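**Q** Provided herewith is a single structure, encoded as structure tokens, for subsequent inquiry.
The values are calculated or read from the model by the stated rules, or taken from the named source; none is laboratory data. Source: prediction; values computed, not measured. Glycine also receives a Cβ, built like all others from the backbone with ideal geometry; neighbour counts cover every protein chain displayed. Calculation scope for accessible area: heavy atoms of the full protein, side chains included, ligands and nucleic acids excluded. Shrake-Rupley method; radii C 1.70, N 1.55, O 1.52, S 1.80 Å.
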Amino acid sequence: MFQDRRIHLKKPNEIALMRAAGLVVGRTLEVLRAAVKPGVTTADLDALAEEHIRASGATPSFKGYHGYPASICTSVNDEVVHAIPSPDRTLREGDLVSIDCGAIVDGWHGDAAITVAVGEVTPDLQELTRTCEEAMWRGIAAMRRDGRLSDVSAAVETYVRGRGDYGIVEDYVGHGIGTQMHQPPNVPNVGRPGKGPRLVPGLAIAIEPMITLGSNQTDVLDDDWTVVTRDGAYAAHVEHTVALTDKGPWVLTALDGGAAKLAELGVPAGSLAESK
Ligand code: MF3
Ligand code: CO
């Protein structure tokens, strides 16, 4: 899949640039979260995203990526990931929309996604979303120095399995990130712990669980982008870009760097050392 399978470890000054990109993505997603309501189209969200990214002095990384035509992905209900925004897709009360966003600052990437309820949604969709978010945070908290990459995968899987009979999508995975959106290594959402590359400071990855209320089987629609569940079950997808620092995981696309959530999980949050 990757031409060069080596993992590019990032230096502190490079992580600082990735933080700038991550903040643009994180802030853009908060603007979008606030804009989601019945009657809004997914194209409206895309326009808002592009405007906000460019006004921040950044470039939308998705636009033109292998020909992708928009600045975000807006995957509604049984759409899992990579759905293209459209003026014909009006969000309705009870829908669940996953918004995926990427931005580049000075050549460095940030990539994150949120799943948002449109108005009131059923309790099972609220629980699906909460489980997906919590699983992502368990994966982030598993980024302990000198652990192994599959500790992240195992933490995600174990949390989801413990919450109920969800499908965990395996056809798409998280990834390394840096001067490109997708770099080695792959970061699956299932696996046994203790395998794969060592978790060392400078590792930067996007952790992105995709889970469903049904099976984990997916199909790609005729537009060659939209990934849907084969059984029509609703899906959630959330993502953060995270760098492992000397102090711990720094969630580059979270406005607080992950401090609040990681404290809750009893894990020291990362940041850059004061001097270097
Ligand atoms: N953010 C997605 C990922 O995590 C990529 C979006 S694909 C694009 O892999 F074509 F829309 F850019
Ligand atoms: Co990603």
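**Q** Say a site is exposed when it is one of the GluC sites (Glu not before Pro), sits in a DSSP loop, and has at most 11 other Cβ atoms within 10 Å; what is then the longest site-free stretch of the chain?
**A** Longest gap between qualifying sites, sites excluded: 121-273.
**Q** Give me the Kirkwood hydrodynamic radius of segment 99-170, using the inverse of the mean 1/r over all pairs of distinct Cα atoms, in Å to one decimal.
**A** The Cα-based Kirkwood calculation yields 14.1 Å.
**Q** Rounded to whole Å, give me the distance from the Cα center of segment 66-86 to that of segment 197-238.
**A** Computed from Cα coordinates, the inter-centre distance equals 12 Å.
**Q** Select from Gly164, Thr226, Ala204 the residue farthest towards the positive end of the dipole of segment 146-276; place +1 on Cβ of Lys and Arg, -1 on Cβ of Asp and Glu, and compute about the Cα centre.
**A** Comparing the listed Cα positions along the dipole, Ala204 ranks first.
**Q** With every protein chain left in place, what is the accessible area per residue of the chain in square angstrom, probe 1.4 Å?
**A** Computed with neighbouring chains in place, this is 42 Å² per residue.
**Q** Still on this structure, I have one more. So for segment 1-115, Kirkwood radius off the Cα pairs, Stokes-Einstein at 37 °C and 0.692 mPa s: how many µm² s⁻¹?
**A** So the translational diffusion coefficient is about 223 µm²/s.
**Q** Treating the beta-carbon of each Lys and Arg as +1 and of each Asp and Glu as -1, no other charges, what is the dipole magnitude of segment 137-218 about its Cα centre, to the nearest 20 debye?
**A** Here the size comes out at about 360 debye.
**Q** Give the residue from Leu96, Thr245, Thr179 lying farthest towards the positive end of the charge dipole for the chain; charges sit on Cβ (+1 for Lys and Arg, -1 for Asp and Glu) and the dipole is referred to the Cα centre.
**A** The one lying farthest along the dipole's positive direction is Thr245.
**Q** Express the relative contact order of segment 64-151 as a whole percentage, based on alpha carbon pairs under 8 Å and six or more residues apart in sequence.
**A** The value is 20 percent.
**Q** Place a +1 charge on the Cβ of each Lys and Arg in segment 45-156 and a -1 charge on the Cβ of each Asp and Glu, then give the dipole magnitude about the Cα centre in debye, rounded to the nearest 20.
**A** 440
**Q** Another one. Anything over 32 Å Cα to Cα? Flag those among Lys37/Lys195; Lys10/Lys261; Lys195/Lys247, in the order listed.
**A** Over 32 Å apart, Cα to Cα: Lys37/Lys195.
**Q** Helix-derived [θ] at 222 nm for the chain: sum -39500 (n - 2.57) over DSSP H runs of at least 4, divide by residue count, nearest 500?
**A** Calculated from helices alone, the mean residue ellipticity at 222 nm is -9500 deg cm²/dmol.
**Q** How high is the relative contact order of the chain, in percent, with contacts defined as C-alpha pairs under 8 Å that are six or more residues apart?
**A** Reported relative contact order: 21 percent.
**Q** Turning to a different aspect of this structure: Given R₀ = 30 Å, FRET efficiency for Arg92-Leu255 by Cβ-Cβ distance, to 0.05?
**A** Between Arg92 and Leu255 the formula returns 0.55.
**Q** Turning to a different aspect of this structure: To one decimal place, what Kirkwood hydrodynamic radius in Å is obtained for the chain from all pairs of distinct Cα atoms?
**A** Kirkwood radius, the chain: 18.4 Å.
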